[in-house]
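Following: one structure in structure tokens, then a few remarks.
What follows is calculated from the coordinates using simple rules that are stated; it is not laboratory data. In this text, all values refer to a predicted model and were calculated from it rather than measured experimentally. All Cβ positions, even for glycine, are placed from backbone atoms using ideal geometry, and neighbour counts span all protein chains on display.
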Amino acid sequence: MVAEQEPTCSHVGKIDRHMKPKTHGCEECLAMGDSWVHLRLCMQCGHVGCCDDSKNKHATKHFHKTKHPIMRSLEPGELWGWCYVDDLGFDPI
Ligand SMILES: [Zn+2]
Ligand SMILES: [Zn+2]
Ligand SMILES: [Zn+2]
């Protein structure tokens, strides 16, 4: 038997868990006058982007542009975060 290695994320320990959203909606969608489905918060800079169910997918685009790896859901009652680099979820509290 070979012990399976626990997947770990080296990024979660470096973020500010009290990061405040910079805008009250997806920054880019607000600028374009467009709409979104759900919101995601970048835990590195406070950028608010829309989720992959939204047509503009600005949260994922923000990661590709900035390489900020950690985001969390901004939806009320949704307590989960995600690391794009490691493809791993984490508990943001
Ligand atoms: Zn990570
Ligand atoms: Zn958007
Ligand atoms: Zn960011």
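The fewest-to-most ranking of W36, W80 by surrounding Cβ atoms within 10 Å reads W80, W36. Computed from backbone phi, the HN-Hα couplings of segment 10-19 come to 7, 8, 4, x, 9, 8, 8, 6, 9, 3 Hz, rounded to whole numbers (Karplus: 6.51 cos²θ - 1.76 cosθ + 1.60, θ = phi - 60°; Gly and Pro given as x).
Of V12, V37, V48, the residue with the greatest mean-square motion in the GNM of the chain, using alpha carbon springs below 10 Å, is V37.
Neighbour counts of C-beta atoms inside 10 Å place M43, M19 in the sequence M19, M43, starting with the fewest.
Normalised Debye scattering of the chain at q = 0.24 Å⁻¹ gives log10 I(q)/I(0) of -1.25, counting only Cα atoms as equal scatterers and leaving out solvent. Computed from backbone phi, the HN-Hα couplings of segment 35-49 come to 10, 9, 9, 10, 10, 10, 10, 6, 7, 9, 10, x, 5, 9, x Hz, rounded to whole numbers (Karplus: 6.51 cos²θ - 1.76 cosθ + 1.60, θ = phi - 60°; Gly and Pro given as x).
The helix-based estimate of mean residue ellipticity at 222 nm for the chain, built from -39,500 (n - 2.57) per DSSP H run of four or more residues and divided by its residue count, is -4000 deg cm²/dmol to the nearest 500. Counting beta carbons within 10 Å around each of R40, R17, R72 and listing the fewest first gives the order R17, R72, R40.
Per-residue 3J(HN,Hα) values for segment 88-93, derived from phi via the Karplus relation 6.51 cos²θ - 1.76 cosθ + 1.60 with θ = phi - 60°, read 10, x, 8, 8, x, 9 Hz in sequence order (x marks Gly and Pro).
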